[in-house]
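These notes concern the structure reproduced below.
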Amino acid sequence: MAALLARPVLDAAAALPPLGAWHHAAAGLPLDGFAPPLPWPQDALLRVDDDSPDAAALRALPALLHRWPRARLLCLRAPALGFVAGRRRRCPERPFAEHCLAWNAAEAALAALAPRALVLEPSELDDAAALARRLGEVLDAPPAALPEPPPATPPLSLAGMPWTLPEIELFAGLCGAAPEDLAAAARRRPLDLLAALRDGQGRAAGGLSLRWPPQGAGLHLRLPAAPCRLSVAMLWPGGRDRLSLFLAGATRPVELELLVAGSLTRRPLLARALRLEPGEDAEVAATLPAADELLDVTLSAAPAEGTGLELRQARLYRL
């Protein structure tokens, strides 16, 4: 927009009073003592970014604009997905729900500003000529020569976000998502069998003992001198047709068998024999045949004379 209007752009953080003024105005309190001079050219564009949890800057704008009646307000609306993804990249230490609530607060503030503002959707930036005409009408100023359009960026999708399934569900609940988008995103999430075991969805039999170390993501297995097995049952693949498994750290030689079978039909889909020598790793990367049924994943061991090893990765996924 600055290029279309051939005007300088200034950052509100440098041109306006401290952030306390935004909160002061947003609370409906008088701005006495906060009245700033106008340190920027009268024809400049003042950029205000607001992704704070309570949208304080956006809510304060009406009170501040009251001091500059000739000012015109241009708002570029941020779609929920891009807003939350960008805020999460900038503030990864903040709770995921806060990012979603910040977008809701910004939407509410923008709705209150709409009668006094030109609200633009990101898609409108693709047509520079139409945008230039709208800006010229609102600002009563002829636009400058049209700049080169920016390179197109691929659209974001919920399925392409590197979020956990609980985060995807939280986003859908707080920011809204089409049911088909949520379903597609859920299908793209790998099923982490280690997380299922940690949550108590697995079963150890035959004297097998499990230990979760305080550090690291692996699961330590202590195998008795007798046949034993570890299983995660009743998994819904949802189109996930690839299995990845990684074992390491055997203290003695051990014979293992990996079996994937239908939970109800007992139809075997994958059977793989594994042998670990001390210091060696065993990795499985297999494609499963199409199966529209619940699955059991079982890892069995022959008598192992007290062997210990570590299960570092186990997941079902789809490309």
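The values are calculated or read from the model by the stated rules, or taken from the named source; none is laboratory data. Bear in mind that the values here come from a model prediction, so they are computed numbers and not experimental data. Here the Cβ positions follow ideal geometry from the backbone for every residue, glycine too, while neighbour counts run over all protein chains shown.
Take the residues in segment 242-253 that are surrounded by 17 or more Cβ atoms within 10 Å (Cβ to Cβ) and of a type outside the set (Gly, Ala, Ser), then tell me which one is nearest to residue 279 (Cα to Cα). Top of the filtered list is 247.
Please verify whether segment 249-258 includes one or more residues that are touching a helix residue (DSSP H, G or I) at 6+ places or on another chain (Cβ under 8 Å), under 13 Å from residue 299 (Cα atoms) and not β-branched (Val, Ile, Thr). Looking through segment 249-258, none of the residues is touching a helix residue (DSSP H, G or I) at 6+ places or on another chain (Cβ under 8 Å), under 13 Å from residue 299 (Cα atoms) and not β-branched (Val, Ile, Thr).
Looking at segment 260-277, is at least one residue at pLDDT 90 or above, within 28 Å of the chain's Cα centre (by Cα), crowded, with 16+ Cβ neighbours inside 10 Å and assigned to a strand (DSSP E or B)? Checked segment 260-277: no residue is at pLDDT 90 or above, within 28 Å of the chain's Cα centre (by Cα), crowded, with 16+ Cβ neighbours inside 10 Å and assigned to a strand (DSSP E or B). Evaluation of residue 202 against the conditions (1) closer than 29 Å to residue 299 by Cβ; (2) surrounded by fewer than 18 Cβ atoms within 10 Å (Cβ to Cβ) shows that the sole unmet condition is (2). Cβ-Cβ contacts under 8 Å between residues 6 or more apart (or on different chains), taken from a first residue in segment 1-13 that is buried (at least 16 other Cβ atoms within 10 Å of the Cβ) to a second residue that is modelled with pLDDT under 70 and small (Gly, Ala, Ser), are listed as 3/144; 4/144; 5/141; 5/144. Of the helices (runs of 4 or more DSSP H) lying entirely inside segment 54-171, the ones with 2 or more residues being surrounded by fewer than 19 Cβ atoms within 10 Å (Cβ to Cβ), touching a Leu at 6+ places or on another chain (Cβ under 6 Å) and modelled with pLDDT under 80 are found at 128-139. Consider segment 242-274. How many of its residues are free of Cβ contacts under 8 Å to residues at least 24 places away in the same chain and touching a Pro at 6+ places or on another chain (Cβ under 7 Å)? Number of matching residues: 0.
Restricting attention to segment 278-319, the residues that are at pLDDT below 90, among the charged types (D, E, K, R) and closer than 16 Å to residue 234 by Cβ total 2. May I ask you to list the residues in segment 301-318 that are in a strand (DSSP E or B) and of a type outside the set (Phe, Trp, Tyr)? Across segment 301-318, the qualifying residues are 301, 308, 309, 310, 311, 312, 313, 314, 315, 316. Just to be sure before I move on: is residue 298 more than 20 Å from residue 189 (Cα to Cα), out of contact with any helix residue (DSSP H, G or I) (no Cβ under 7 Å at 6 or more places or on another chain), of a type in the set (S, T, N, Q) and part of a strand (DSSP E or B) in the structure I sent? Yes.
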